[in-house]
Amino acid sequence: MITSKKPQDSLVIMNEFVMPNDTNMMHNLMGGRLLYWMDIAAAMSAQKHSNRLVVTASVDNVSFQHSIKLGDAVTIEAKVTRAFNKSMEVRLDVWAENIPTGTRVKSNEAYYTFVALDGDGTPVQVPELIPGTPEEESLYAGALRRRQLRLILSGRMEPNDATELKALFMAAKQE
């Protein structure tokens, strides 16, 4: 079994065209359709990292920074940012491109969390993630704080036990 992988090993780039049945009355991509595509890309990334079937455990806040229009090409980039014991955090960046005009804008970013499963549906250990670039190291470090926040919000961790979050807030308070 592979004990560690690099973020690049889990990279997934997914492309879709926004068709009429994907849009609302304003000819913008429906948010639910985008979330569906994002979940697929993130699941493929988590599967590439773990070499296992995975299930979505959580989806962090997804904010829509720029609307995606009918006819736009959507590119979703997904990559594992950190592996924990049996779960993985996946970062997604979503781009909208009007191919005829050459205009490309970032529309969304989000973090999804997945749990790897064996054939019986039991959570299993995942390979460690080894960041290699400064950006990967920053995402890796931030993943622990994001995980603690998710656990607090879900009621599975007490705020006083969130050591990384407390350290972050204490550092900001001292400035």
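Restricting attention to region 67-92, the residues that are part of a strand (DSSP E or B), over 8 Å from the mean Cα position of the chain (by Cα) and acidic (Asp, Glu) add up to 1. So for region 14-23 (the condition being at pLDDT 95 or above, within 30 Å of Ser154 (Cβ to Cβ) and either in a loop (DSSP other than H, G, I, E, B) or over 12 Å from the mean Cα position of the chain (by Cα) (or both)), does at least one residue qualify? Among the residues of region 14-23, at least one is at pLDDT 95 or above, within 30 Å of Ser154 (Cβ to Cβ) and either in a loop (DSSP other than H, G, I, E, B) or over 12 Å from the mean Cα position of the chain (by Cα) (or both), which makes the answer yes. Restricting region 69-87 to residues that are in contact with a Pro (Cβ under 9 Å, 6 or more places away or on another chain) and not hydroxyl-bearing (Ser, Thr, Tyr), the residue that is nearest to Met25 (Cα to Cα) is Leu70.
Residue pairs whose Cβ atoms lie under 9 Å apart, separated by 6 or more positions or on different chains, with the first residue in region 145-156 and on the phi < 0 side of the Ramachandran plot and surrounded by 16 or more Cβ atoms within 10 Å (Cβ to Cβ) and the second in a helix (DSSP H, G or I) and among the hydroxyl-bearing types (Ser, Thr, Tyr), are Gln148/Thr163.
Within region 24-35, restricting attention to residues that are under 17 Å from Glu109 (Cβ atoms) and in a helix (DSSP H, G or I), the residue that is farthest from the chain's Cα centre (by Cα) is Gly31.
Looking only at region 143-172, residues that are part of a helix (DSSP H, G or I) and touching a strand residue (DSSP E or B) at 6+ places or on another chain (Cβ under 8 Å) come to 5 in all.
The values are calculated or read from the model by the stated rules, or taken from the named source; none is laboratory data. Keep in mind it's a predicted model, so treat the numbers as computed, not measured. A quick note on method: Cβ atoms are made from the backbone with ideal geometry, for glycine too, and the neighbour counts reach across all protein chains shown.
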